[in-house]
Amino acid sequence: MSTVYPKAGIKPASRKVCTRCHKKKALADFSPQRERSDGRHSWCRECLAAVSVDRYHGDGVVRSRTQRRALARRAALRRLREKHPEEFKALYAEELRNYDL
Ligand SMILES: [Zn+2]
């Protein structure tokens, strides 16, 4: 079975059922999520907000505060590395080992 991605010009189903609250909602009530076949989260925005899923790693997985902070730290380090690779190496050699970037 091949995965179908929503294409420009092809209108996907305009409504879907949230797998958390089981309410049928407009597609606009679901956050975009590229890796999903329909391009949308399986939880509606309301449900996502209710469990405060990390917005930067919003993959529908509920993480503890510690996990979310570690992920945020890692993302920040990754951004810094892209912008200032040399500085990054000098300053964060130790963190590089910790986070296995
Ligand atoms: Zn919902």
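Key figures for this structure:
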| item | result |
| --- | --- |
| Selected residue (criterion: farthest from residue 50 (Cα to Cα)) from residues of region 21-30 that are within 11 Å of the ligand (Cβ to nearest atom) and surrounded by 16 or more Cβ atoms within 10 Å (Cβ to Cβ) | 25 |
| Conditions (1) surrounded by 14 or more Cβ atoms within 10 Å (Cβ to Cβ); (2) at pLDDT 85 or above; number of the one not met by residue 6 | (2) |
| Any hit, region 49-70, residues being modelled with pLDDT of 80 or more, hydrophobic (A, V, I, L, M, F, W, C) and part of a helix (DSSP H, G or I) | yes |
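The values are calculated or read from the model by the stated rules, or taken from the named source; none is laboratory data. For clarity, every value in this text was computed on a predicted model and none was experimentally measured. We place every Cβ from the backbone using ideal geometry, glycine too, and count neighbours over all the protein chains shown.
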